[in-house]
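Notes follow the structure.
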Amino acid sequence: MIKIQQQKKQIKLNKSFYPKEIILAAINDFSEICIFLLKESDNYFLLDFEPKIEDNPDISNEFCNYCLGLLK
Amino acid sequence: MEKLSALGNIELNKEENYILFSINPKIYSLDIIRAAAYILLDKAYILLDGNPEEKILVEIRPKSKEHSPQTLAMEFNNELLNYSVYKAQSEKNKGIRELLLQRILFTNNPEFFKEINERDDQNPAAKETDKAE
């Protein structure tokens, strides 16, 4: 689900569970700590991201949890 | 991947220390799964995947070493059951809840029902819409 590609990290979120508005809201809230690039495939939103300050290994997981929290 | 349950729907990835939960959406709806996942957000990283019509996959990754993936999986399982019972009971009691609410409104404002009845008499279609909602 979360893979590392040449120091660039990617988060893969299923479109059936994570609406685009939620992801955009989360990107907005994480914009101070990360730079995101949102792409789409057929079933997934693909988020390339680079942390702005320091590389925190849990950022991607925190981002997924944050999206889930916004869904409530 | 090591299977943790007799049903084979819970798998443990020892290398990456996470649990993969396969759920049949006909048994637990997406609402219930989301509610159960929400409870575990402070203890675990959770990711939803799969197909909402056929099989929903829930990846549960502990945030710290205090919680083992196995324990979190069982906790998640209990929460699923907890919310499904809550939802079933809530739907069962829906009629009584509405009745109580109507009674409260009626006690405080008897004009409320007069207004509704007058509106329904004038526009029977609105009554049908209310019932459908």
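The values are calculated or read from the model by the stated rules, or taken from the named source; none is laboratory data. Because the structure is a prediction, the values reported are computed rather than measured. No Cβ is skipped: glycine too gets one built from the backbone with ideal geometry, and neighbour counts run over all protein chains shown.
Worth pointing out:
- Of the residues making up the range A:28-63, just one is of a type in the set (A, V, I, L, M), within 10 Å of the chain's Cα centre (by Cα) and not in a strand (DSSP E or B), namely A:Ile59.
- All of (1) farther than 22 Å from A:Asn14 by Cα; (2) within 14 Å of chain A (Cβ to nearest Cβ); (3) without any contact (Cβ under 8 Å) to a residue 40 or more places away in the chain hold for B:Pro69 with one exception: (3).
- Contacts under 9 angstrom Cβ, first residue in the range B:80-101 being exposed (fewer than 13 other Cβ atoms within 10 Å of the Cβ) and assigned to a helix (DSSP H, G or I), partner modelled with pLDDT under 90 and of a type outside the set (S, T, N, Q), 6 or more apart: B:Ser90/B:Arg97
Let's see how each residue does on (1) more than 13 Å from chain B (Cβ to nearest Cβ); (2) within 22 Å of B:Lys63 (Cα to Cα):
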site	(1), (2)
A:Asp29	yes, yes
A:Glu32	yes, no
A:Lys39	yes, no
A:Leu46	yes, no
A:Phe49	yes, yes
A:Ile59	no, yes
A:Glu62	no, yes
A:Tyr66	no, yes
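- Residues (of a type outside the set (Phe, Trp, Tyr) and either touching a Lys or Arg at 6+ places or on another chain (Cβ under 9 Å) or within 14 Å of chain A (Cβ to nearest Cβ) (or both)) located in the range B:80-90: B:Ser90
- Picking from residues in the range B:7-62 that are facing chain A (nearest Cβ under 8 Å) and either over 27 Å from B:Ser90 (Cβ atoms) or among the polar types (S, T, N, Q) (or both), the one that is surrounded by the fewest Cβ atoms within 10 Å (Cβ to Cβ) is B:Asn51.
- Where a residue in the range A:7-32 is touching a residue at least 24 places away in the same chain (Cβ under 8 Å) and surrounded by 13 or more Cβ atoms within 10 Å (Cβ to Cβ) and its partner, wherever it lies, is small (Gly, Ala, Ser) and not in a strand (DSSP E or B), with Cβ under 7 Å and at least six apart: A:Lys9/A:Ser60; A:Ile11/A:Ser60
- Restricting B:Pro25, B:Pro52 to those that are touching a Ser or Thr at 6+ places or on another chain (Cβ under 7 Å), at pLDDT below 95 and closer than 23 Å to A:Ile23 by Cβ reduces the list to B:Pro52.
- Search result, residues across the range A:14-32 that are under 13 Å from A:Glu62 (Cα atoms) and touching an Asp or Glu at 6+ places or on another chain (Cβ under 9 Å): A:Phe30
- Test: B:Tyr45 is in contact with a Gly (Cβ under 9 Å, 6 or more places away or on another chain) and either of a type outside the set (A, V, I, L, M) or outside any loop (DSSP other than H, G, I, E, B) (or both): no
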